[in-house]
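Taking it in order: structure first as structure tokens, then the write-up.
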Amino acid sequence: MSAPTGAQVIDIKGRWLLPGFVDAHVHLRDLAAARHAVQSGATTVRALGSSYFTDVGMRELHRAGLTDIPEVVAAGYQIRPDLSQGNGDFFLDFPGMSRFMSGLRGSENLRSVVRLLAEHHVDLIKILATERAGTPQTDPRKRTFTDEEMVAIVDEARKAGLPVAAHAHGDEGARGAVLAGVHSIEHGTYLSDDTLALMKTHGTYFVPTLSAVSHMSKLENPVSATAGPCHAAQGARHSHPRMENGHKNCRRDRQHLRRRSPRSRRRDHRAGGDRYPSYGSHQSRNFGFRRVPRRWKTDGHD
């Protein structure tokens, strides 16, 4: 094949030329993050949760000729029951939806939110079919929406020509999302063989997001700053059940904690220390590891 007239010829002898990577699950905060994606080799990204529709704006900038950021497949805001907790910024863009600040439930209400996102020209809809991992107050095995609600979301998205991606760690929520007709399962930490077989039957894609474990296990993780590095390590292990080192360190902390008197534990607690967080909560029996630290109480008691 001959080069077209006027084409620039670049000699890459001794080097490899690779196509751009597609990162199927990112959260881009700003243009700096978008540029970093390109510098890392990702020329197309699937942004699954952005405030103020920054992902839609980045997509339009790229299409207008800004080549140092990737092509963006944009989801805008995530749809979740606790919009005020997960995406408080949602209500700054949609003050008329303030009635959902106490919770987003019900098929018709969810359909209305899907239509709002479609009007803002998103490329897909992102839902949380289970609670998230890596935060002190959530159980990632717990499903969020009912079967009827997920069917309504998928049906309304289909009317707008949009696929649906479902964040799902737990198997029950993931299975419900697959049966509702979502196009992909994100994370899928605790998927059973039956659910994986169901995904194959329905043609549902699986995006495992393994690199998220690296962030969740680092001390600068905000979860670590809130609940201690032990919880952050356990949160990482929740996203990857084979991650054992952090769990073993936490078990040693618990053994030390049991040997200390209740008075000394309360004293450390009031001082704001996080080396020996208080353990045991109603959530702990639902998690994949033995015990999970709860959030610090504000009244100074364990």
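Output the number of the condition that SER50 fails; it satisfies all remaining conditions of (1) over 16 Å from the mean Cα position of the chain (by Cα); (2) without any contact (Cβ under 8 Å) to a residue 60 or more places away in the chain; (3) within 18 Å of ALA157 (Cβ to Cβ).
Condition not satisfied by SER50: (1).
Among the residues of the range 1-59, count how many are of a type in the set (A, V, I, L, M, F, W, C), surrounded by 13 or more Cβ atoms within 10 Å (Cβ to Cβ) and part of a helix (DSSP H, G or I).
Of the residues in the range 1-59, 8 are of a type in the set (A, V, I, L, M, F, W, C), surrounded by 13 or more Cβ atoms within 10 Å (Cβ to Cβ) and part of a helix (DSSP H, G or I).
Report, ordered by the first and then the second residue, all pairs with beta carbons closer than 6 Å, sequence separation of six or more or different chains, a first member in the range 15-30 that is without any contact (Cβ under 8 Å) to a residue 60 or more places away in the chain, and a second member that is assigned to a strand (DSSP E or B).
Close Cβ pairs (under 6 Å, with a partner that is assigned to a strand (DSSP E or B)) amount to GLY20/THR43; PHE21/ALA42; VAL22/THR44; ASP23/ALA42; ASP23/VAL45; VAL26/VAL45; VAL26/ALA47; LEU28/ALA47.
When you go through (1) under 19 Å from the mean Cα position of the chain (by Cα); (2) farther than 25 Å from PRO140 by Cβ; (3) in the same structural domain as VAL154 (by TED's automatic domain parsing) one by one for LEU92, which number turns out not to apply?
So LEU92 meets the others, but not (1).
Please state which one of LEU104, LEU117 is closer than 30 Å to GLU148 by Cβ, without any contact (Cβ under 8 Å) to a residue 60 or more places away in the chain, not in a loop (DSSP other than H, G, I, E, B) and not small (Gly, Ala, Ser).
Residue meeting the stated conditions: LEU117.
Quick check: is even one residue across the range 73-95 touching an Asp or Glu at 6+ places or on another chain (Cβ under 7 Å) and of a type outside the set (A, V, I, L, M, F, W, C)?
Looking through the range 73-95, at least one residue is touching an Asp or Glu at 6+ places or on another chain (Cβ under 7 Å) and of a type outside the set (A, V, I, L, M, F, W, C).
For the list (1) surrounded by fewer than 16 Cβ atoms within 10 Å (Cβ to Cβ); (2) at pLDDT 95 or above, I need the number of the one condition that SER102 fails.
Status for SER102: all satisfied but (2).
The values are calculated or read from the model by the stated rules, or taken from the named source; none is laboratory data. Because the structure is predicted, anything quoted here is derived from the model rather than measured. Reconstructed Cβ throughout: ideal geometry from the backbone, glycine too, with neighbour counts over all protein chains shown.
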